[in-house]
Amino acid sequence: MNNSVAFDYERCKILVVGDVMLDRYLWGDVKRISPEAPVPVFHIKRRSIVPGGAGSVVLNVIGLGASVTLLGVIGRDENGSTLKRLLEDRRIESILIEDKNRPTITKTRVLAKGQQLLRIDDENTVVLDESLKAGIIENAAKEIHQCAAVIFSDYGKGIFDTQGLTEALIDVANGADVPVIVDPKRKNWERYSGAACLTPNTAEFEHVVGAPLGDDNALIDAMRTTRSQYRLSNLLVTRGPLGMCLIGEDEQPRFIPSIAREVYDVSGAGDTVIATLAVGIASGQGYLDAARLANVAAGVVVGKLGTQPINALELKAAVGMNGDRIGGSVNQKTHSLAAANLQVQAWKALDQKIVFTNGCFDLLHPGHIHLLNEAKRCGERLIVGLNSDGSVRRLKGNKRPILSETDRAAILGALDCVDLVIIFEKDTPIELIESLEPDVLVKGSDYRPERVVGKEIVESYGGKVHLVPVVEGYSTTRLAEKVSEKNGDHNPKSVHK
């Protein structure tokens, strides 16, 4: 891995072709058995909807800061209209071809106490007819020349089973010298011949090989044979807790160990891997560096509930305190607002009281710890809104922050009392408060109640504001001054403002 990891993906554009879905979540609880039949009665408390399948890959791509076009097929139905609206709301460019003979693929997950009870699938997996096939190829050919990489998100729902479609798309991409990266779901890999990289998990790869791969030597031999057989430039096998193995054109195996983490939910990890890998390649990274980064990204998302995408801030925090190394344990508490919303919905479905506080938290001191511990006592879950580096500079001056947003988020995430950290760019956390709707809003007693940002919003739906007594004698400014004095700097203002 290079000594520095540049998360500059804004100039990268990715084309995602694949099985587009709508993911619905029903959050609630089960407290009794039905008198009509021996089945649990599920009481719905909340609902949420997000793009799924290839849409999940897209969310990971844009979360990393790259731009994207989504190409796929939907039904001419209400779920299709809902999916279009979700993508438009997120300003995601999409080409969704309507098929009147199939429904929009929809997965409905029923969750109680953070666990899936049931998944309901509404789908038709027949192959595309000739007109739909031609539409996919024509639109892909127009988009590929504007992109730095193409992702095939194959969920086995019919698109890539269509005769000749996959081969035609790979030919177009190879002709434009644009790498094709595939998340395969079928045993027949002949259709993927000539792709730049395939990213199967161990079970999918064993299915293709036709035998269990019990040790590393067996895995290496099978990967070399398979890569050559299907003329793949690279083959990356994801191995769950064992990490990854990459073999490229030099046929040398590169084993990438997993990142230490608590696995909460593995759904969506494959989407995160292929998105991060593709964005890395599109930005000019080599396959090994991009695979290592994808491995870290997977370590972040398996610590989340449900299918939640990665984002650049989470990935940067996970890579290392200064963004310059791969390794260590993943900070699973730093979330984007979208990911935080999904987690908060799950907590609320369990009747857990949500507490929110915010600040710069630059040089964490006992006063901060007192505030955070007291805030946590106001409920079951504590969310901390953290001012970004740019926000701190606007509020405190160009000499601040002393610690970067990544460092500050990592330190906050290490505290047991903190459940979730969200870095925000604006000068106030008003957008976070409006979206999350916490039950309790906490600030220090140096604030007058009427000056607390978000007070009116929280009180409008029955929440409350709680002021924690300030511990006298502690401030980041005073800490910085003491450091300056001990270092012989008689102009402490040169250290901070």
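Read-outs throughout are calculated quantities, based only on the coordinates presented, and are distinct from any laboratory measurement. Remember, it's a predicted structure, so these values are computed and weren't measured experimentally. Every residue, glycine among them, receives a Cβ derived from its backbone with ideal geometry; neighbour counts consider all protein chains shown.
Numerical summary
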item	result
Selection from A176, A278, W27, by position along the positive dipole direction of the chain (Cβ)	W27
Kirkwood hydrodynamic radius of segment 1-143, Cα pairs, Å	17.3
Within-13-Å neighbourhood charge of H43 [Cβ basis; K, R +1; D, E -1]	+4
Among beta bridges that DSSP assigns inside segment 352-486, antiparallel share in %, nearest 5	0
Shape call, segment 94-215: gyration tensor on alpha carbons, a/c limit 1.5	oblate
Rough spin-label spacing in nm, given labels placed 7 Å along Cα→Cβ, for E36 and C417	4.8
nm² value of the averaged projected area, convex hull over the Cα atoms of segment 78-145	6.6
Radius of gyration and Dmax over the Cα atoms of the chain, both given in Å	24.5, 80
Across K45/K107; K13/K185; K376/K399, pairs whose alpha-carbon gap is larger than 29 Å	K376/K399
Rounded to 10°, Cα long-axis angle of helix 216-229 versus longest principal axis of the chain	50
Acute angle (nearest 10 degrees) that the helix 366-376 long axis makes with the longest principal axis of the chain, alpha-carbon atoms	60
Simple spin-label estimate for S445 and E88 in nanometres, 7 Å along Cα-Cβ	5.2
14 Å beta-carbon shell around I247, net charge (K/R +1, D/E -1)	0
Viscosity 1.306 mPa s, temperature 10 °C, Stokes-Einstein D of segment 352-486 from Kirkwood C-alpha radius, µm²/s	105
Antiparallel bridges, percent of DSSP beta bridges restricted to the chain (to nearest 5)	35
Proximal charge balance of C417 [Cβ under 12 Å; K/R count +1, D/E count -1]	0
Kirkwood Rh and Cα Rg combined as Rg/Rh, segment 13-310	0.98
Cα long-axis angle, helix 476-486 against the chain (0 to 90 degrees, to the nearest 10)	80
